[in-house]
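The values are calculated or read from the model by the stated rules, or taken from the named source; none is laboratory data. Bear in mind the structure is a predicted one, so any value in this text is a computation, not a measurement. Neighbour counts are summed over all protein chains in view; Cβ atoms, including those assigned to glycine, are modelled from backbone coordinates with ideal geometry. Just the protein is used for accessible areas: all its heavy atoms, side chains included, with ligands, DNA and RNA removed. Shrake-Rupley method; radii C 1.70, N 1.55, O 1.52, S 1.80 Å.
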Amino acid sequence: SLFNRRYMEETLERELRRAHRNNLPLSIITIDVDNFKRFNDDQGHDAGDALLAELGRLLRSQVRVEDVPCRVGGEEFAIVLPGAAAKDAVRRAEDLREAAHRLRIVHRGAPLGPVTISLGVAAFPEHAAAGEALLHAADVALYRAKREGRDRVVVSESLPPAPPESAPPQ
């Protein structure tokens with residue numbers, strides 16, 4: 001019941017144009033399930049699907065009406081947060097991380113192990129001005145969270161180099 005990557009990319013561009021026009025913040029949170037491949041291998045693909053479905057329900061329950069929660073890849077998710085500054089997005093990401101800890105997933109009568117997620121946060125205008133660059137900044141922060149031990153929120157440090165095809169919003 002989440003939006004897909006294509007919808008997220010279109011929405012991000014539209015909301016960035018609106019944020020730029022109205023001088024408003026916008027943030028994005030990228031999320032990855034920690035050790036999902038190992039979980040899938042150990043518990044089975046049905047259990048992995050159950051975990052992803054439960055995490056999707058969790059994301060839907062934790063967002064505001066104007067937020068856009070998306071599944072952007074296998075075990076990767078993103079949330080576009082119109083009107084949210086970086087500090088607000090970090091607080092929301094921490095709330096999500098803690099809520100994932102509280103998930104109790106039962107599959108075929110057996111409880112599945114604990115769930116942890118890593119999250120990356122980037123915000124307009126401080127981390128990027130274009131959608132692709134903002135998503136890249138959040139992904140870089142997410143990968144840093146993974147490298148630093150997983151189960152954490154990391155905010156983008158600075159403006160990353162923009163991909164060649166990106167342009168500022170109009």
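One table, with the values for the structure above:
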{"read-out": "Arg57 vs. criteria touching a Pro at 6+ places or on another chain (Cβ under 6 Å), over 22 Å from Val154 (Cα atoms) and among the charged types (D, E, K, R)", "value": "no"}
{"read-out": "Some residue of region 115-130 being without any contact (Cβ under 8 Å) to a residue 40 or more places away in the chain, in contact with a Ser or Thr (Cβ under 9 Å, 6 or more places away or on another chain) and either on the phi < 0 side of the Ramachandran plot or not basic (Lys, Arg) (or both)", "value": "yes"}
{"read-out": "Region 21-38, residues that are part of a loop (DSSP other than H, G, I, E, B) and free of Cβ contacts under 8 Å to residues at least 12 places away in the same chain", "value": "Asn23"}
{"read-out": "Residue, farthest from the chain's Cα centre (by Cα), within region 97-115, restricted to residues that are hydrophobic (A, V, I, L, M, F, W, C) and open to solvent by less than 70 Å² (accessible area, probe 1.4 Å)", "value": "Ala110"}
{"read-out": "Residue count for region 16-50, restricted to those that are open to solvent by less than 60 Å² (accessible area, probe 1.4 Å), more than 16 Å from the chain's Cα centre (by Cα) and closer than 23 Å to Val80 by Cα", "value": "3"}
{"read-out": "First in region 1-20 and basic (Lys, Arg), second anywhere and open to solvent by less than 80 Å² (accessible area, probe 1.4 Å), Cβ under 6 Å, 6 or more apart", "value": "Arg5/Val72; Arg17/Pro169"}
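Each row is one residue, and each column tells you yes or no for (1) over 17 Å from Leu119 (Cβ atoms); (2) of a type in the set (A, V, I, L, M, F, W, C); (3) surrounded by 13 or more Cβ atoms within 10 Å (Cβ to Cβ).
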{"residue": "Gln62", "(1), (2), (3)": "no, no, yes"}
{"residue": "Val65", "(1), (2), (3)": "yes, yes, no"}
{"residue": "Cys70", "(1), (2), (3)": "no, yes, yes"}
{"residue": "Gly73", "(1), (2), (3)": "no, no, no"}
